[in-house]
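What follows is one structure encoded as structure tokens, with my remarks underneath.
No lab work stands behind these numbers, since they all come straight from the coordinates. Please read these numbers as outputs of a predicted model, since none were measured by experiment. Cβ coordinates were reconstructed from backbone atoms using ideal geometry, including for glycine residues, and neighbour counts include every protein chain displayed.
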Amino acid sequence: MATVRAGGRGALVVVDVQVGVVEGAWEADRVVGNVTRAVDRARAAGVPVVWVQHEDDELVRDTPVWQWVPELIPAEGEARVFKRLNSSFERTTLDDELARLDVSHLALAGAATNWCIRATAYAALERGYDLTLVGDAHTTVGEHAAEVVDDLNTVMRWVSYAEVTNTTASAEEINFSALS
């Protein structure tokens, strides 16, 4: 666990797996299935799931495109965080929710890889959280989406920050029991 961040638990943070975000994304069905698998496994291991939902001029709150994809529904009592910027930490309550849950290690999944997932991953490391990127549970849109996903998976295995750990694992490989 992180030596710079108080807490002793892990959490799965699911970012922006919303209808309007994953529509047309690279391998969206497979990735949503892997996010769902990660959520199910986290819940089974007693690891909190924190849901981060984007809103802006294109993703207007309470519209159909703003909603979570039908396969993913936050359970009663699971923390929900709303954001307007790429990083899930910037001007949100995410840090407060994680502190309330005694979290020092994040597993991260969602969309869009090159914007919100990347910004959230770096922000987590900069704030002293250990990080595991769920490598087969994030996606983005665009002609080079597969390369963008692969790039972030590679970066999260090799980038180094002082006194924190970071890696990637698949939705099946991640050891949620070790996070709690």
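What the table shows:
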| quantity | calculated |
| --- | --- |
| The range 144-164 and the range 18-77: distance between their alpha carbon centers, rounded to Å | 22 Å |
| Global form of the range 11-75, assessed from the alpha-carbon gyration tensor, a/c cut-off 1.5 | oblate |
| Length-normalised contact order of the chain in % [C-alpha pairs under 8 Å, at least 6 apart] | 32 percent |
| Summed side-chain charge close to A79 - residues other than A79 whose Cβ falls under 12 Å, Lys, Arg +1, Asp, Glu -1 | -3 |
| Cα-centred dipole magnitude for the range 32-116, charges only on beta-carbon of K, R (+1) and D, E (-1), debye, nearest 20 | 240 debye |
| Protection proxy ranking, peptides 55-67, 140-152, average beta carbon neighbours within 10 Å, highest first | 140-152, 55-67 |
| Magnitude of the charge dipole, the chain, Cβ model with Lys/Arg +1 and Asp/Glu -1, debye to 20 | 560 debye |
| DSSP bridge pairs, the chain: antiparallel proportion in percent, nearest 5 | 5 percent |
| Calculated diffusion of the range 24-127, Stokes-Einstein form, Kirkwood radius summed over Cα pairs, 4 °C and 1.567 mPa s, µm²/s | 89 µm²/s |
| Trypsin sites (Lys or Arg not before Pro) lying in DSSP loop within the range 66-159, provided at most 10 other Cβ fall within 10 Å | R91 |
| Dipole of the range 69-118, positive direction: furthest Cα of S88, L98, N114, with charges on the beta-carbon | N114 |
| Sequence-separation-based contact order of the range 45-137, relative, with Cα cut under 8 Å and 6+ spacing, percent | 25 percent |
| Volume per residue of the C-alpha convex hull in the chain, rounded to whole Å³ | 99 Å³ |
| Mean separation of Cα contacts under 8 Å (6+ apart) over length of the range 1-63, as relative contact order % | 48 percent |
| Amide H partners (placed H, <5 Å) of I73, local residues excluded | none |
| Of all DSSP beta bridges in the range 1-93, antiparallel share, percent nearest 5 | 10 percent |
